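Undergrad: After the structure tokens below, expect a handful of questions from me.
The values are calculated or read from the model by the stated rules, or taken from the named source; none is laboratory data. Because the structure is predicted, anything quoted here is derived from the model rather than measured. Every residue, glycine as well, gets a Cβ built from its backbone with ideal geometry; the counts of neighbours run over all protein chains shown.
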Amino acid sequence: MRKFFLIAVPYAWLLALFLIPFFIVLKISLSDVALARPPYVPQFSWDDGIMAFLRDLDFENFVFLTEDSLYWKAYLSSVSIAGLSTILTLTIGYPLAYGMARAPEEWRATLMMLIILPFWTSFLIRVYAWMGILSQEGLLNQFLMWTGLISEPLMILNTPTAVYIGIVYTYLPFMVLPIYSALDRMDGSLIEAAEDLGCSRLSAFWLVTVPLSRNGIIAGCFLVFIPALGEFVIPSLLGGSGTLMIGKVLWEEFFSNRDWPVASAVAVILLLILVIPIVLFQRNQQDAEEAAK
Amino acid sequence: MNSTVFAPWEDPEKKPLIRFQNVTKKFGTFTAIDNLSLDIYEREFFALLGPSGCGKTTMMRMLAGFETPTSGRIELAGKNIIPVPPNKRATNMMFQSYALFPHLTVWDNIAFGLRREGMEKDKMNARVEEMLRLTRLERFAKRKPHQISGGQRQRVALARSLAKAPTLLLLDEPLGALDAKLRQDTQFELMDIQEKTGTTFVIVTHDQEEAMTVASRIAVMDEGQLIQVATPDRIYETPVSVYVADFIGDVNIIEGKTTLIEDGQYQIDWAEGQMPLHAASSQPFDKGQTCFVAIRPEKVAISAEKPQAADNIVQGKVLDIAYLGNLSTYHVELADGTIIKSQTANTRRIARRSFTWGDTVWLSWTATAGVMLAR
Amino acid sequence: MNRFSWFNAVSLTFGFAFLYIPMIILVTYSFNESKLVTVWAGFSTKWYGELFRDQAFLDAAWVTLRVAVFSSTLATILGTMAAYVLIRAGRFTGRTLFSGMIYAPLVMPDVITGLALLLLFIGVGLDRGVLTVVLAHTTFAMCYVSVVVSSRLATFDQSLEEAALDLGCSPAQAFRLVTLPIIAPAVISGWLLAFTLSLDDLVIASFTTGPSATTLPIKIFSAVRLGVSPEINALSTIMIGIVTAGVITASVISKRNMVRQRREEQAAARAQ
């Protein structure tokens, strides 16, 4: 009885507020937009019966998504922005995690805290911080002109470059933490053994350290790639109108165009795209868990 | 039988405290306990002994109420306890990990069970103090578990499980986490406490020495079955199978074919070109039946000269000597390659030893030194 | 390891500079006299004054605080229950779906979660406002709580609970007297995480709120869309300050506890 209650409460909550809403999204993605409240038809009513209701559902919105190049371009550019930012984050994050893992024991707790601190700080504020730096008259341009590297201010804010910077900046802790924990677990004598067996320091790094931190690297990449794909705040604050990302498209479809069926269809497709990396991520986590045993 | 000897299992009138009746426990398709029946008597110090995975821990967890048997009946003082949940049972358990509550002091850990009973404050204080005295922990009452040593933690766990004065105390590998020296002292302490409190103890262990030291009776288990239930001396001297003989202590096992000579005396042909062995057995063996003679190394005498009269005499070369300080074990290789171990007390200084590696020696033992086993 | 090389030093310096310089600039410019956020015109705290006189910001802060307290508390209760189910309940029908629903919100883009919840609230005719935001935040935050608590429960020695039962506790008493005090640090950090996530959330709140309940992130977002403003810098500085103080305090306390525990353990081992 007690066990039933324990399972039933969170279960019912998640069913009602997580699973059912997705079916509603799916249903509305198959409906038509209308000037009504709520702005779509058909509305389900018991009088007409379920068959009449189902007959009115169609895949029109999905067809529309394939016809208008805006949408598939938005999906493509989301994937490429998320992918490139993930690689950039790895390039900065790995040396950082590596440095942390090799830092003297007594520094580590502090370094760890320094990585976690931004994580607790408002995401919105951290993105906002870059607006003042990257703008035309911003500090980065002032600095570059002062050094004489450029004579004209660069246009960085409201370009994809700003979006890359924003993603790398906000998601860096997600990359560093899993890699650091993989490197931290690694037995230091392994490197010594590799060197003892004739490896140079660099080849010991490539042949021992990198493969052993593989699970951490993969986990970090997914933790950056997956949320970056559906990102809304960063492209809308830093990307300007020129940057196309699917999260932003969905938002505008919903709030500006009030086209709920198309917004729902956009969400359904985004979800389908996300299934692949999520499944791969899950598998990597399971492998890592088994390896840890 | 001397009437002052504690042996309730010999008395057919005596009612057992615990009775397992045809108990089977399955986990999925795995049978942990296989149709097992066992009686344990009041005031016994009973040991369940066996390798890991033999089912001994499952037996204990069924007594505590953490596992329910798939079939069969478990009685405590004549009542079926299977439907009774663990918190309503008159048993207490001392856990292998000790399971001391890390957020409570030693005092509060010991008082934990008494508080659940709703015992009066004065009585409870007195009881906790008594337990602290019994386990010599008075000085550590205010400490938390991480502030005391492993041996002290072990005693807190014991005090906590004894505080409620259970009818039956279950001890799951209670000394497993202690080092060898502390273990020995603690074994005697456990026996002492068991005697003082008069509680029935059931201990689970994989350490045969520990079981031999503390227990009034030992149940040797394997693959969910009882192989032998007997007092330590009987388990050691008259094991019922090669498995038991081998599990308890060191042993030489010689396989051969039997021939009856006269009442209870057998001749055993065991190797080409070796004289047959002589052994005695109260169990009958058929002619030509395969049997295993189990002989403890300390019952095999070793000498440089051929002994005059002995039931069994073999010759071999010293292959190895294991020097244990008080004892030495000689590994002697016979002409056919069989290795027989002989153990002697080192009553002289080692320099005076009369034989060493490679020397030819004689081994001898009496017909009653070994046990004849059918399996 | 004493193999800390110059390369390691450079990558640490560069990495942490990258992480912290933008925040330092943000904080610095909150004390700027000038309205123009990119030109330094002398030290001033006037933007803090402006901020505290701005009733809209104060209202939004109050809404956000209420939402965060309610949703994180609810999420902690539900998330702890869910964690307990995941680790202890063994097999039951629908377990796979259950664990799927616990992990999915962690990787779900906010825009989808927000949209889905909004459509649900409209579907059942729930007026949008503080309540709907609380429901929405509770749903995704409980999943984070359950991940934090279940990782603690997974390493929890189950014989402690068995010992409590053995000593006469009912299962509920065993949870209250033994399990809960021991996993309390994880439950508290779960609550803090849920609280921060709620304070921080823009997208889901934007979808699920109504005109009566504007949260602070929504307010900030609509302000910064128009460009950088010194008032927002001041607000950001306050928020960064609170978080920094909190994180530093927490790590100092945990470090001190760890050092003390280790010292006591060593002392106990020596005394033997």
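For every residue, the table says whether it meets (1) at pLDDT below 90; (2) more than 10 Å from every other protein chain (Cβ to nearest Cβ); (3) under 30 Å from A:LEU14 (Cβ atoms).
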site	(1), (2), (3)
C:MET1	yes, no, no
C:LEU12	no, no, no
C:GLY42	yes, yes, no
C:LEU51	yes, yes, no
C:SER71	no, yes, yes
C:MET81	no, no, yes
C:ARG88	yes, no, yes
C:GLY94	yes, no, yes
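Undergrad: Still on this structure: More than 30 Å from A:SER264 (Cβ to Cβ), under 20 Å from the mean Cα position of the chain (by Cα), within 14 Å of chain C (Cβ to nearest Cβ) and in a helix (DSSP H, G or I) - does that describe any residue in segment A:67-89?
TA: Yes, that holds for at least one residue.
Undergrad: Out of all the residues in segment C:14-40, which are crowded, with 16+ Cβ neighbours inside 10 Å, among the hydroxyl-bearing types (Ser, Thr, Tyr) and within 10 Å of another protein chain (Cβ to nearest Cβ)?
TA: C:TYR29, C:THR38
Undergrad: Which residue, of B:PHE292, B:PHE285, is touching a Leu at 6+ places or on another chain (Cβ under 6 Å) and either assigned by TED's automatic domain parsing to the domain that holds B:TYR236 or touching a residue at least 12 places away in the same chain (Cβ under 8 Å) (or both)?
TA: Working: B:PHE285 fails: touching a Leu at 6+ places or on another chain (Cβ under 6 Å).
Of the residues listed, the single one that is touching a Leu at 6+ places or on another chain (Cβ under 6 Å) and either assigned by TED's automatic domain parsing to the domain that holds B:TYR236 or touching a residue at least 12 places away in the same chain (Cβ under 8 Å) (or both) is B:PHE292.
Undergrad: Which residues, taken from segment B:50-82, are within 25 Å of the chain's Cα centre (by Cα), within 14 Å of B:LEU168 (Cα to Cα), within 14 Å of another protein chain (Cβ to nearest Cβ) and assigned to a loop (DSSP other than H, G, I, E, B)?
TA: B:GLY65
Undergrad: Another question, then. Condition check: more than 10 Å from chain C (Cβ to nearest Cβ) and touching a helix residue (DSSP H, G or I) at 6+ places or on another chain (Cβ under 6 Å). Does A:TYR180 satisfy that? Reasoning before the result, please.
TA: On the way: more than 10 Å from chain C (Cβ to nearest Cβ): yes; touching a helix residue (DSSP H, G or I) at 6+ places or on another chain (Cβ under 6 Å): yes.
Yes; evaluated as a whole, the condition is true for this residue.
Undergrad: So in segment C:122-143, with the set limited to residues that are within 12 Å of chain A (Cβ to nearest Cβ) and over 21 Å from A:PHE254 (Cβ atoms), which one is surrounded by the most Cβ atoms within 10 Å (Cβ to Cβ)?
TA: Selected residue: C:MET142.
Undergrad: For segment A:253-279, give me the residue count where each residue is more than 9 Å from chain C (Cβ to nearest Cβ), loosely packed, with under 14 Cβ neighbours inside 10 Å and in a helix (DSSP H, G or I).
TA: 4
Undergrad: Let me ask you something else. Return the residues of segment B:58-87 that are surrounded by fewer than 20 Cβ atoms within 10 Å (Cβ to Cβ) and of a type in the set (Ser, Thr, Tyr); say none if nothing qualifies.
TA: Scanning segment B:58-87 gives B:THR68, B:THR70, B:SER71.
Undergrad: Moving to a separate point now. Looking at the structure I just gave you, is A:PRO95 out of contact with any helix residue (DSSP H, G or I) (no Cβ under 7 Å at 6 or more places or on another chain) and either at pLDDT below 90 or over 16 Å from C:VAL228 (Cα atoms) (or both)? It would help to see each step written out before you state the result.
TA: Working: out of contact with any helix residue (DSSP H, G or I) (no Cβ under 7 Å at 6 or more places or on another chain): no; either at pLDDT below 90 or over 16 Å from C:VAL228 (Cα atoms) (or both): yes.
Here the answer is no, as A:PRO95 does not meet what is asked.
Undergrad: Then there is this: How many residues does segment B:114-153 contain that are in a helix (DSSP H, G or I) and more than 11 Å from chain C (Cβ to nearest Cβ)?
TA: Residues of segment B:114-153 in a helix (DSSP H, G or I): B:114-117, B:121-134, B:138-140, B:145-147, B:150-153.
Keeping just the survivors that are more than 11 Å from chain C (Cβ to nearest Cβ) gives B:121-134, B:138.
Number satisfying all stated conditions: 15.
Undergrad: Do any strands (runs of 3 or more DSSP E) entirely within segment B:322-375 hold 3 or more residues that are touching a residue at least 60 places away in the same chain (Cβ under 8 Å), and if so, which?
TA: In segment B:322-375, the matching strands (runs of 3 or more DSSP E) lie at B:339-345, B:360-365, B:371-373.
Undergrad: Please note which helices (runs of 4 or more DSSP H) are completely contained in segment C:26-109 and include at least 3 residues that are within 18 Å of the chain's Cα centre (by Cα), polar (S, T, N, Q) and farther than 20 Å from C:GLY227 by Cβ.
TA: Of the helices (runs of 4 or more DSSP H) lying wholly inside segment C:26-109, those with at least 3 residues that are within 18 Å of the chain's Cα centre (by Cα), polar (S, T, N, Q) and farther than 20 Å from C:GLY227 by Cβ span C:55-88.
Undergrad: When you check B:ASP108 against the structure, is it surrounded by 15 or more Cβ atoms within 10 Å (Cβ to Cβ), part of a strand (DSSP E or B) and either assigned by TED's automatic domain parsing to the domain that holds B:ILE203 or among the acidic types (Asp, Glu) (or both), yes or no?
TA: no
Undergrad: Within segment C:235-272, track down each residue that is away from chain B (no Cβ under 14 Å), exposed (fewer than 11 other Cβ atoms within 10 Å of the Cβ) and not aliphatic (A, V, I, L, M).
TA: The answer is C:THR249, C:ARG256.
Undergrad: Something else about it: Could you tell me whether any residue of segment C:180-191 is exposed (fewer than 15 other Cβ atoms within 10 Å of the Cβ) and outside any helix (DSSP H, G or I)?
TA: Scanning segment C:180-191, I find no residue that is exposed (fewer than 15 other Cβ atoms within 10 Å of the Cβ) and outside any helix (DSSP H, G or I), so the answer is no.
Undergrad: Pick out the one residue from A:SER213, A:SER236, A:SER203 that is more than 13 Å from chain C (Cβ to nearest Cβ) and surrounded by 16 or more Cβ atoms within 10 Å (Cβ to Cβ).
TA: A:SER213
Undergrad: May I ask you to say which residue of B:ALA99, B:ALA157 is in contact with a Ser or Thr (Cβ under 8 Å, 6 or more places away or on another chain) and either of a type outside the set (S, T, N, Q) or more than 10 Å from every other protein chain (Cβ to nearest Cβ) (or both)?
TA: B:ALA99
Undergrad: Let me ask something additional. Being in a helix (DSSP H, G or I) and more than 10 Å from chain C (Cβ to nearest Cβ) is the filter; apply it to segment A:239-252 and report the residue that is surrounded by the most Cβ atoms within 10 Å (Cβ to Cβ).
TA: Applying the filter and picking the extreme gives A:GLY239.
Undergrad: Do you know which residues across segment A:118-166 are under 28 Å from A:ALA82 (Cβ atoms) and without any contact (Cβ under 8 Å) to a residue 12 or more places away in the chain?
TA: Residues satisfying the conditions are A:TRP120, A:THR121, A:SER122, A:ILE125, A:ALA129, A:GLY132, A:ILE133, A:LEU139, A:LEU144, A:THR161.
Undergrad: Among the residues in segment B:330-342, are any over 27 Å from B:TYR243 (Cβ atoms) and either of a type in the set (S, T, N, Q) or at pLDDT 90 or above (or both)?
TA: no
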